[in-house]
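J.: Once you've had a glance at the structure underneath, I'll fire off some questions.
The values are calculated or read from the model by the stated rules, or taken from the named source; none is laboratory data. If you're wondering where the values come from, they're calculated on a predicted model, not measured in any experiment. With ideal geometry, Cβ positions are generated from the backbone for all residues, glycine too; neighbour counts draw on all protein chains shown.
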């Protein structure tokens, strides 16, 4: 399967504005990229690329005064298989976890493990450990939060989503991540492209998607509390502790996001 992915972001800046862009496909999908996702700007500006602490590809620019368009179009090869289900995958004892997973047991900006710990243990202590416990968390979050783009708020955390019972995909992911960490299961936030491949209409507006990965049975597995079912065609962009680590843009000055478009479509034969 081939998937066309990309975006167009248009910003208005009243003055030259430094930006950090986390918009490139994750390096783990490098061998799948058929047409590279070269980031372009109009007007053209100098760019500097680097890898952040989590291994994500980032780009630094200084947007000039006025309007700037940031865009890309890429094609990615995909297996066409849905997310893997490994119901046998066990949970590790904390003392047996690899050191690199430990940071994903800790509280973070949007995942308040200290304030949700008792709630998590009350809800999930009786659930089987391992995959079944993470799935129980996803089932709860999926049913607890009502999805709606009108419920999006940049400062909403896992605790806020739990109390309000409404949100967008990042809120589902944050609450599930926080619950996993409270139950001593490493969990990390993921952002990327996720289209409607294999899903019946009607289709909602396209956006970047948020999901999470949990460490079980010696590796990371994909979970999605928002959709709560295996999906086809995820294209990872970045991973981190929560959404604060993987913001698509960090801007250092006043600006207005004038236009925001994301697309991800299966390329049909002859397309």
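Condition check ((1) assigned to a loop (DSSP other than H, G, I, E, B); (2) over 17 Å from the mean Cα position of the chain (by Cα); (3) in contact (Cβ under 8 Å) with a residue 12 or more places away in the chain) across all residues:
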residue	(1), (2), (3)
142	no, no, yes
150	no, yes, no
159	no, yes, yes
162	no, yes, yes
173	no, no, yes
177	no, no, yes
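J.: So, one more: Residues in region 241-254: is at least one without any contact (Cβ under 8 Å) to a residue 60 or more places away in the chain, in contact with a strand residue (DSSP E or B) (Cβ under 8 Å, 6 or more places away or on another chain) and in a loop (DSSP other than H, G, I, E, B)?
T.: No, region 241-254 contains no residue that is without any contact (Cβ under 8 Å) to a residue 60 or more places away in the chain, in contact with a strand residue (DSSP E or B) (Cβ under 8 Å, 6 or more places away or on another chain) and in a loop (DSSP other than H, G, I, E, B).
J.: Does residue 79 qualify as being in a loop (DSSP other than H, G, I, E, B) and either in contact with a helix residue (DSSP H, G or I) (Cβ under 8 Å, 6 or more places away or on another chain) or loosely packed, with under 14 Cβ neighbours inside 10 Å (or both)?
T.: So residue 79 fits the description; yes.
J.: Out of region 255-269, which residues are more than 21 Å from residue 191 (Cβ to Cβ) and either modelled with pLDDT of 95 or more or surrounded by 12 or more Cβ atoms within 10 Å (Cβ to Cβ) (or both)?
T.: Passing the criteria: 256, 258, 267.
J.: Same structure, new question: If residue 220 satisfies all but one of (1) outside the structural domain of residue 53 (by TED's automatic domain parsing); (2) part of a strand (DSSP E or B); (3) surrounded by fewer than 21 Cβ atoms within 10 Å (Cβ to Cβ); (4) in contact (Cβ under 8 Å) with a residue 60 or more places away in the chain, what's the number of the condition it fails?
T.: The number of the failed condition is (4).
J.: Okay, moving on. Criterion first (surrounded by 23 or more Cβ atoms within 10 Å (Cβ to Cβ) and not in a helix (DSSP H, G or I)) does residue 189 satisfy it?
T.: yes
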